[in-house]
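Everything on this sheet refers to the single structure shown next.
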């Protein structure tokens, strides 16, 4: 990996997503998510850390 490509996504998020996928979890990227009740994952804002409707 070149120094110019060091980012939180490359160093943390992508390795974590690969690990979760290897463990059998379904992983999806929320980067291009459509927000709101009819949105992609159901987030109302980009600042939600927990999807309440799935947690319930």
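Here are some residues: 42, 36. Which one is surrounded by 10 or more Cβ atoms within 10 Å (Cβ to Cβ), assigned to a loop (DSSP other than H, G, I, E, B) and either at pLDDT 80 or above or touching a helix residue (DSSP H, G or I) at 6+ places or on another chain (Cβ under 6 Å) (or both)?
42
Does region 9-30 contain at least one residue that is free of Cβ contacts under 8 Å to residues at least 12 places away in the same chain, over 13 Å from the mean Cα position of the chain (by Cα), surrounded by 10 or more Cβ atoms within 10 Å (Cβ to Cβ) and assigned to a loop (DSSP other than H, G, I, E, B)?
no
The values are calculated or read from the model by the stated rules, or taken from the named source; none is laboratory data. Everything numeric in this text was worked out from a predicted model, so none of it was measured. Using ideal geometry, Cβ is built from the backbone for each residue, glycine included, and neighbour counts are taken over all protein chains shown.
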